[in-house]
């Protein structure tokens, strides 16, 4: 068999990494802040103010720490919150290249990196300040470290893997799905004697246990339950598990068809089969990574949307690149065929998606659930961001009460105007919010930004009031209203 020559990666991987950074950072605030993003940025601000462990109560903390270091305060906080994800994503993209390079060749590494850059699924979420893309990036780095540990059989890689697994869980509690990684790598990849493998596994898990155990002790001491939020979204090994798995498999298939395209999925399946035939150890390891990346959400996810399934996407792309790389090695005269197919995919599938992501996010071809969450409904940043900008530019500075679900996005957009974001009762009438508006109006006029929701009826606002603006969300019946409530206004 022809020996593969591996060239120095520097000269042509760095430009691709720069392309990755450009695609993720270009006009990165085009999509207004999703409700979770805005909340995470607010938690980062509180971390910077000294509440270092606060985000741990919501089953993720690493991203909040990183954003706090970069600077989460307005006016640049929203931008830096998304930059934090791109920085982690750069590490993940480099690891994607490194894995495909060691699995097959330098060429396969470049193909994997190019496909990852051009994946609409990755592009959409890696431009958002969420824990899911952070988890996905750190998981890829962990898999690369596991491969290095298994192949080199050196203790330093085992220690690094243990540290990386801690970072994975700090990114999001659902990273527990990656805890079998050292065992999988040592069984499927390593050729070292079993005694050596056991020592490496013990060192990797020992490092993880020491660091994670210390973190958990500190959390318990301060009264935080790291896994409490995550547990609300998962089911156990109960009588519904088969039905849940079947349903979730259908959901994930739909996500991949929408955001990757059927040709990539088919090529990934072919790549897994070709890899098992020609490079069985790397292929088995890649398939196992796909199982860990997607298995947890599929088996245990009571609520599954596309961002929760993001963790599996890189392995679909990687197996696709492995298949293309091996086919080119075997049939070098026909290499123009996969290159032409990739170019066509970039032009038809990626380019329109990227253009809309950069300039017209409301026109993105998302699935129905994602359209609702990120564009049309109360969790979206549309409407509240425009209202915040209007308040920021207003000639008169008044107190502002935010009666919207995504109030933190309103608060960020309204800077330097202060916005009060009272807590909602998601299952009640929220009469106390209108009482607060009346109490504030007793001291002088105020602005109220609100929306009519199941749990909030704006007819309860104190009167007299004046409607200043009604901002409709794209293609939606959900409207954000900006009112001026006059001094002395009372509820009727």
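What follows is calculated from the coordinates using simple rules that are stated; it is not laboratory data. A quick note: this is a predicted structure, and the numbers were derived from the prediction, not measured. Neighbour counts run over all protein chains shown; Cβ positions are idealised from the backbone, glycine included.
Using r as the Cβ-Cβ distance of residue 258 and residue 218, and R0 as 45 Å, what FRET efficiency do you calculate, to the nearest 0.05? The computed FRET efficiency comes out at 0.65.
Counting neighbouring Cβ atoms within 10 Å and putting the fewest first, the residues 205, 121, 455 line up as 455, 205, 121. The stretch between residue 340 and residue 435 holds 27.8 nm of extra length on full extension. This uses 0.36 nm per residue minus the Cα-Cα distance.
Between residue 351 and residue 69, the modelled labels are 3.9 nm apart [label points 7 Å from Cα along Cα→Cβ]. Every helix of 4 or more DSSP H residues in the chain counts as -39500 (n - 2.57), and over all residues that averages to -19000 deg cm²/dmol at 222 nm.
Annotation: the residues 53, 273, 403, sorted from fewest to most other C-beta atoms within 10 Å of their own C-beta, follow the order 273, 53, 403.
Which FRET efficiency value, to the nearest 0.05, is calculated for residue 240 and residue 418 with the Förster distance at 51 angstrom and r the Cβ-Cβ distance? Step by step, r from the Cβ atoms, then E = 0.60. Against the chain, whose longest principal axis comes from its Cα atoms, helix 384-393 is set at around 60 degrees. A Förster radius of 45 Å combined with the Cβ-Cβ distance from residue 459 to residue 87 puts the calculated FRET efficiency at roughly 0.45.
As a length-normalised measure over Cα pairs under 8 Å and 6 or more apart, the relative contact order of segment 229-340 settles at 37 percent. Exposure proxy shown here: for 395, 73, 368, 132, the number of other Cβ atoms within 10 Å sets the order, fewest to most, as 395, 368, 73, 132. Just to confirm the number: angle between the C-alpha axis of helix 336-345 and the first principal axis of the chain, 0 to 90 degrees, nearest 10? Result, in degrees: 10.
Modelled spin labels at residue 359 and residue 225, positioned 7 Å past Cα toward Cβ, are 5.0 nm from each other. With a simple spin-label model that places each label point 7 Å from the Cα along the Cα-to-Cβ direction, the separation between residue 195 and residue 468 comes to 7.6 nm.
Mean sequence separation of contacting Cα pairs (under 8 Å, at least six apart), scaled by the length of the chain, corresponds to a relative contact order of 16 percent. Seen against the Cα atoms of the chain and their longest principal axis, helix 10-25 is set at about 20 degrees.
Could you tell me the center-to-center distance, by alpha carbons, between segment 478-492 and segment 390-419 in angstrom? The distance from the Cα centre of segment 478-492 to that of segment 390-419 comes to 14 Å.
Subtracting the Cα-Cα distance of residue 51 and residue 12 from their residue separation scaled by 0.36 nm leaves 9.7 nm.
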